[in-house]
Amino acid sequence: MSQRSCFLAGAVVVAACLTSSYSRANDHAEVNVTLPLEERLAAAIEAKDINGIMAFYVPGESLRVFDLLPPRQYIGATEHRKNWERFLTRYPSTIHAEVSDWKTETAGDLAVGYGIFRINGPDKDGKPLDVTVRLTDIFRKINGKWLVIHEHVSCPIDVATGKADLSSKPAEELAKQFGVSPTTINEWGRSGTLPLGHN
């Protein structure tokens, strides 16, 4: 092989490596693209900034939200705004919001983000009101901006009692609490059998 051929082959390999590295870097950036948005949502909740909260969602009637509280769904940004306004009145003084375990997957102009969202603070009687939920948001990139077009809020329930678990913890944390393995916790969950003293 001539010196020129070796040089060309080497240049092709280097270019391929750089392209692959650039692609992986872009993929990583896209994977985390909605986390800052969720963090801004949490900050807007803490500030009780209803306009900041609603800037997270697509405007108009295309928004669909499955929330914890009735009705079954909220249709449109106007109805969901009223939902948020009602919710914020439950916390007349301070409120804390945080997102954790957030993951995002993207495909073109669509993204799905999912994780844990916790809101807590004193209620109108000064008693702690602490709510931890599972949150799934579907985003669409519109005019270069990611906006939520569908939101689904959920929590585990005790099938035997129908009671919602609004302070749900991961299996690993419950395993430490009860001195068992995470596998045992998952088995309890599948069977609906919870140990005495579980709240």
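Starting from 0.36 nm per residue, how many nanometres of slack lie between VAL159 and GLU173 once their C-alpha separation is accounted for?
On the way: separation 14, 0.36 × 14 = 5.04 nm, distance 2.10 nm.
Extra length from VAL159 to GLU173 when fully extended: 2.9 nm.
How big is the charge dipole of segment 30-154 about its Cα centre, in debye rounded to the nearest 20, if each Lys and Arg gets +1 on its Cβ and each Asp and Glu gets -1 on its Cβ?
About 280 debye.
Give the distance, in whole Å, between the Cα centre of segment 96-156 and the Cα centre of segment 33-66.
9 Å
Distance cut-off 31 Å, Cα to Cα: go down the list LYS48/LYS176; LYS48/LYS103; LYS141/LYS163; LYS48/LYS145; LYS127/LYS163 and report the pairs above it.
On the way: LYS48/LYS176 36 Å; LYS48/LYS103 25 Å; LYS141/LYS163 37 Å; LYS48/LYS145 23 Å; LYS127/LYS163 20 Å.
In this structure, LYS48/LYS176; LYS141/LYS163 exceed 31 Å between Cα atoms.
Based on the Cβ-Cβ distance of LYS145 and ARG86, what FRET efficiency does E = 1/(1 + (r/R0)^6) give at R0 = 25 Å, to the nearest 0.05? Working shown, then result.
Working: r = 27 Å, r/R0 = 1.07.
So the FRET efficiency works out to roughly 0.40.
Please compute the length gained on full extension between THR184 and SER62, using 0.36 nm multiplied by the number of residues separating them and subtracting their Cα-Cα distance. Could the numbers behind the result be given before it?
Working: separation 122, 0.36 × 122 = 43.92 nm, distance 4.25 nm.
Taking 0.36 nm per residue and subtracting the Cα distance, the gain is 39.7 nm.
Laboratory data are not the source of any read-out in this text; all were calculated from the coordinates shown. On a predicted model such as this, the values are computed, not experimentally measured, just so you know. Using ideal geometry, Cβ is built from the backbone for each residue, glycine included, and neighbour counts are taken over all protein chains shown.
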